[in-house]
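Notes follow the structure.
Derivation of every value follows stated rules applied to the coordinates shown; laboratory data play no part. Not measured: the values here are computed from a predicted model. Glycine also receives a Cβ, built like all others from the backbone with ideal geometry; neighbour counts cover every protein chain displayed.
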There are 2 protein chains.
Amino acid sequence: MNLTVVVGLMGKRRSIGIDIGHTNIRAARVENGTVVEVLRERTDVPGGPEGVLEQVSRMVIALDHGSGCPVGVGIAGQCDSCLGVVRCGPNLFWPDVPFRDLLSARVRAKVVLRNDVVMATFGEWRQGAGKDVDDLACLFVGTGIGGGAIVGGRLLEGATGCGGHFGHISVCMDGPLCSCGRRGCVEAYAGGRNVEARARSLLLEDPGASPALAAACREDLDRLNGRMISEAASSGDPLSLRIRDDMAAALSSAVASVINSLNPERVVLGGAVLFGFPDLLGMVMRGAVEQCLVPAKAGLSIVPSALGDIAGAIGAATMALERYG
Amino acid sequence: MNLTVVVGLMGKRRSIGIDIGHTNIRAARVENGTVVEVLRERTDVPGGPEGVLEQVSRMVIALDHGSGCPVGVGIAGQCDSCLGVVRCGPNLFWPDVPFRDLLSARVRAKVVLRNDVVMATFGEWRQGAGKDVDDLACLFVGTGIGGGAIVGGRLLEGATGCGGHFGHISVCMDGPLCSCGRRGCVEAYAGGRNVEARARSLLLEDPGASPALAAACREDLDRLNGRMISEAASSGDPLSLRIRDDMAAALSSAVASVINSLNPERVVLGGAVLFGFPDLLGMVMRGAVEQCLVPAKAGLSIVPSALGDIAGAIGAATMALERYG
C-alpha cells in the first residue's frame, strides 16, 4: 500500500462530480463513496461556454471547501476526452472548447471530462444498476439521447474519446432529420426535444387532435413541453400515446442493435423522458429482447438506472477520484 | 523468456486456421507468421454439423502433418466463444453444437472457436488493414453480413462471446424481415442471399425489368446468383444498379451507426459481395463518413480489407497461436 492510499484512507476520499445537461447542472460532492451534498441549477445555456464555465466554477468552489479535490465533468456534448475538449454537441452548441483545462485553471484542481451519459454509465457501473458486470451498455433518454458502455471490464472510450453515442444510431435510414445531420437517429424519434417538436407539429396539422395537450399548454404551442405530453399520455390522450408508441419502437430497435453489436450482460436504461411516459420502460425492455439475437439474450438483463438524475454526477466524481484521488 | 517461447522460436511457430462459410471452407497453415499452404472446399452444408466436422477434420489433418499444432476456427454463425459452442446461425442452422470440443477430440489438438468475421477482424488487426490500430471495426459482406471490433486494443468478445454482429443492426425498423427474425437488418438489404432473393422477386413482378439478368440466368430464376447481379450492374443494367444503390444506402447507415457507437480509428470493409459491385465500396465509404458525428470523423479512415478471402483463416490461425502456441 503506497503513501497516497494510506493518506486517502486516513482522511476523506473526496471528489466532485458535475453533470452539465442542456437543461440542468447537477453537482455532487462524494466522500468515501457516499454522496454528501448535491447542488442543482438551471444550465446557463445563453451564457455559452464562458457562462457555463463561470457557473460550474462557482458550484465546484461551493462544494469543495477549498480542498482542491479532483473534479469530474460530464457534458451533454461530444467530447474528445483525450484532449479534454468539447468538440460540439447536438444539444450544447460549443465548437472546440478546451473545457477541462479552462475549468482546471479556474478551480485549481485536476479535472477529467467526458460526455454526460458516459459519466452516468461509469456511475451505474461502479455504484448502480451495472455493478459487478464486465459488459454493460447504457442508454439515457433526456433532452437528447446518450449512451455509454463497459466492454470487457473497461470503459468504451474510442479513438478520439467519443465512443458510446448510441443516440445517433439510425433506426430508419429515410427517417426524420436529426440535429446531428443524419436521418432517423433514435434521438430524432425519442429525444425529449424532438418529441416536443413532433407534438407541436401534429397539433399544428390538426389543432383538435389532442384536447388534453391543447388545454395543458393553454393553446399556446410554444409552452408545450415534454412533461405535458407524458402527463397527457398517462391520462390516456391518444395522440400522446401514439407518440409514446413510436418512441418505444425506435428505442427498442436501437437497444437491440446495441445488444447485437456489443453483447452486453446488462443494459441500463435511464433518463427523465424515458421514465416520464407510462409503460415506456417496459415496452422498450420487451421490444429490445424480442429483436436481439438468440445467443445475445442468454443471461441478458435490461434494468432501469439506479442512481436517478445524479448518475452522471456520481460517475464523474467516481472517475475523478479513480484517476486523480 | 520461458521454455515454451524458446522452443517455439527454435522450431516453427505453426498453427492452422479454418474459416467455415456458408458456401466455402478455407483452411490455412501459418508458419512463423507466413501462410504456407491454403486449402479450399465447398462447405458440406447438407451434411450438417457432423458432415462439416468430418470435412474440417480431414482438412486439418491434411495441413498439420501430424504436428498437433493449435487450430483456430471461424464459423458463419453465432458462437458462445467461452464455451466453444455454435449456438445458431442465420446462415448455418446448427443449434447448440459444441464444435470446438468435437473438433479438438477428432484432431487431437487445441482449438479456439469464434464467429468467422470476428476471426477475419483479428486477422486484419494483426496482419492486415487494421494493423497497429487500437480501435477497429470490421464489416464483411458475403452471403450474410458479419462484423467484429477491437476496442481499446482488445478483441470485442461480449458477455457470451457473440459480440460484433453488426450485420444485425437494423437500418429500418419497419424494413424487410431478416433471417434472424427482426426487421430491417443491414443483412436483409445487402447480404448476398437477400440480394439474390430481392432480384428474383423484382424479376417475378416484372420479367422485362432486366433483360441482362434474364439472359444471364437463361430465364430460370432458380439459377440467378449474386455474381450475375454484380456483373449486370457492372455492365450498366438499371435494375441491378438500383439494387446496388439500396445496398450502399443500408451499408452506409450501418457503418455510420457502428462509428457513432464505437468511435474506431479505422473501419475495414470486406467480403466478396461488397467487392463484386461496381463502386459499391466507395459509395459506402463516402456515405458512412457523411453520416457520422463530427468528432468521430477526426482521424478516421475507412479502408478495404487487405487479406482477401483468407482473412478469416489467417485470423483463426493467429488467434490459435497466440492462445495455445
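Springs between Cα atoms under 10 Å define the GNM used for chain A, and in it the highest mean-square fluctuation of A:Cys82, A:Cys162, A:Cys185 occurs at A:Cys82. Taking the number of Cβ atoms within 10 Å of each Cβ as an exposure proxy, the fewest-first ranking of B:Glu205, A:Glu157, A:Glu31 is B:Glu205, A:Glu31, A:Glu157.
Residues in the range B:227-238 carry Karplus couplings, in order, of 4, 4, 5, 5, 5, 5, 4, 4, 8, x, 4, x Hz; the curve used is 6.51 cos²θ - 1.76 cosθ + 1.60 with θ = phi - 60°, and Gly or Pro positions show x. Across the copies of the chain, B:Glu31 has label points (7 Å from Cα along Cα→Cβ) spaced 6.9 nm apart, shortest distance listed first. For B:Phe93 and A:Lys131, the FRET efficiency from 1/(1 + (r/R0)^6), where r spans their Cβ atoms and R0 equals 30 Å, is about 0.20. Shown for A:Gly181: label points 7 Å from Cα along the beta-carbon vector, and their distances to the equivalent points in the other copies, 3.8 nm in ascending order. Inter-copy label distances at B:Asp220, using a point 7 Å along Cα-to-Cβ, come to 7.5 nm with the shortest given first. Looking at the range B:133-305, the DSSP beta bridges with both ends there are about 55 percent antiparallel. Measuring between their Cα centroids, the range B:144-220 and the range A:195-273 lie 31 Å from each other. Averaged over the residues of B:260-270, the number of partner chain Cβ atoms lying within 10 Å of the residue Cβ comes to 6. Specify the residue with the greatest mean-square fluctuation among A:Ser81, A:Ser301, A:Ser253, computed from a Gaussian network of chain A linking alpha-carbon atoms under 10 Å apart. Of A:Ser81, A:Ser301, A:Ser253, the most mobile in the Gaussian network model is A:Ser301. Taking square-rooted eigenvalues a ≥ b ≥ c of the alpha carbon gyration tensor, is the protein assembly as shown rounded, prolate or oblate, where a/c under 1.5 means rounded and, failing that, a/b exceeding b/c means prolate? Oblate shape, in that a/c is at least 1.5 and b/c is the bigger or equal ratio. Take every DSSP beta bridge whose two residues both sit in chain B; close to 60 percent of them are antiparallel. Pick from B:Gly33, B:Gly144, B:Gly48: which is most flexible by mean-square fluctuation in a GNM of chain B where alpha carbon atoms under 10 Å apart are linked? For chain B, modelled as a Gaussian network with Cα springs under 10 Å, the answer is B:Gly48. Summary of the geometry: the range A:40-66 and the range A:90-131, compared by the centres of their Cα atoms, lie 14 Å apart.
Please rank A:Thr34, A:Thr43, fewest neighbouring Cβ atoms within 10 Å first, as an exposure proxy.
On the way: A:Thr34 8, A:Thr43 20.
Listing A:Thr34, A:Thr43 from fewest to most nearby Cβ atoms yields A:Thr34, A:Thr43.
With a Förster radius of 30 Å applied to the C-beta separation of B:Leu204 and A:Arg183, the computed FRET efficiency comes to 0.50. Across peptide A:253-259, the average count of Cβ atoms from other chains found within 10 Å of a residue's Cβ is 6.
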